[in-house]
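Remarks on the structure that follows.
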Amino acid sequence: MERFWLVYVAAVLAVSLIASDPGRDATARAAHFGVHFAALWIALGIARLARRDHGAARWWRAGFAVVGLPIVFSAKCWLLPYVHPEPYEYTFAAFDRAVFGGDVARLADGVLRPWVVEGLQLIYGVFYLVPLVAALGALRRTGPAAFDRAVAILVGAFLVSYLGYVLVPTVGPKVALAFDRELDGLWLFGHVRGWIDGAEANQWDCFPSGHTMLTLVSLLLLWRWHRPLFWWLLAPCVLLVLSTVLLRYHWTADVLAGALLVWPTVWSIDRLLDRDGWPPAVAAAWN
């Protein structure tokens, strides 16, 4: 699995070296390189540990995913504004208008009740728990081999989505469009929305929709290895995907791209893990 990290870090650093970056100061470049070299060093260390103690490496891999993925995601704020001069968000806005006859991000304007907006925002805010639940569900229901494979697939899918941000850095409708009125929730809406905006230093993270892609990947893993939990989470996950558009975080093209990437990404990672000799993870017949 560490090769996923190595390929990702190499690709991002290569882009950082060759990208046109007027206005990017040396401190931002150094911070970006520092974060990714640290990720590279940790991945190499885990790969070395895995040759001696696979059980210990299992938890290092999972821990590195939980901590490392948000860090390298946020580190893109030091790179993406300088990668492309093309404002891709206006291309995706034009796509929405051509296909749907208007801005899909405005569908909630004056239509959704505050309690609906509140619920959608809370569901959107717990997104990162969904992959965690999928991995732990695979462990509990099917065993360590399923957990190992689930973590590898989730990490690979996250990194694929991050590479998409490098190829097509895009801000969302809530940044690119002007709205006549703000969305209204109830008690926690503003706090959750503000926390998300503050925690995500990288604002050029729309294409593909990682929320869509990783939510669907998580559902696929649960379908394989914890079927009852799949049914429990299906409705909330569908609402989570809808919330990405209704709450003005994503364009419809982002959601479509995230959904289309799910199967080829999971299939490719499965083939790589099989080739590397990872043990198969077979769900029980009653799963």
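Throughout, read-outs are computed from the coordinates displayed, never taken from laboratory work. Just so it is clear, the structure is predicted and the values come from calculations on it, not from any experiment. Virtual Cβ from ideal backbone geometry, glycine too; neighbours counted across all protein chains shown.
For the reader, a short list of remarks on this structure follows.
- Derived scalar couplings ³J(HN,Hα) [region 247-259; Karplus, 6.51 cos²θ - 1.76 cosθ + 1.60; whole Hz; x for Gly, Pro]: 8, 6, 7, 9, 7, 5, 4, 4, 5, 4, 5, x, 5
- Most positive-pole-ward Cα, PHE207, PHE4, GLY119, against dipole of the chain from beta carbon charges: PHE4
- Region 31-164 - Rg over Rh from alpha carbon coordinates, Kirkwood radius: 1.08
- With contributions of -39500 (n - 2.57) from each DSSP H run of at least four residues, the per-residue ellipticity at 222 nm computed over the chain stands at -23500 deg cm²/dmol.
- Gap separating the Cα centres of region 168-241 and region 82-104, nearest whole Å: 19
- Rounded to whole numbers, the Karplus 3J(HN,Hα) couplings from phi for region 54-65 are 5, x, 5, 4, 4, 7, 5, 4, 5, x, 5, 5 Hz, using 6.51 cos²θ - 1.76 cosθ + 1.60 with θ = phi - 60°, and x at Gly and Pro.
- Relative contact order (percent, whole number), region 87-275, Cα cutoff 8 Å, 6+ residue spacing: 36
- Distance between the 7 Å Cα→Cβ label points at VAL15 and ARG113: 4.3 nm.
- Ordered by the number of other Cβ atoms lying within 10 Å of each residue's own Cβ, fewest first, HIS250, HIS54, HIS226, HIS84 fall into the sequence HIS54, HIS84, HIS226, HIS250.
- Using R0 = 30 Å, the C-beta based FRET efficiency linking LEU136 and ALA38 works out to 0.70.
- Debye log10 I(q)/I(0) for the chain, one point scatterer per Cα, at q = 0.10 Å⁻¹: -0.56
- Computed from the Cβ-Cβ distance with R0 of 45 Å, the FRET efficiency linking ALA56 to ALA235 stands at 0.75.
- Toward the positive end of the charge dipole of the chain, with +1 on the Cβ of Lys and Arg and -1 on the Cβ of Asp and Glu, the farthest Cα among GLY258, LEU234, GLY101 is that of LEU234.
- Size of electric dipole in the chain: Cβ of Lys, Arg +1 and of Asp, Glu -1, about Cα centre, debye, nearest 20: 1020
- Fluctuation leader among ALA11, ALA135, ALA259 - the chain, Gaussian network, Cα springs under 10 angstrom: ALA11
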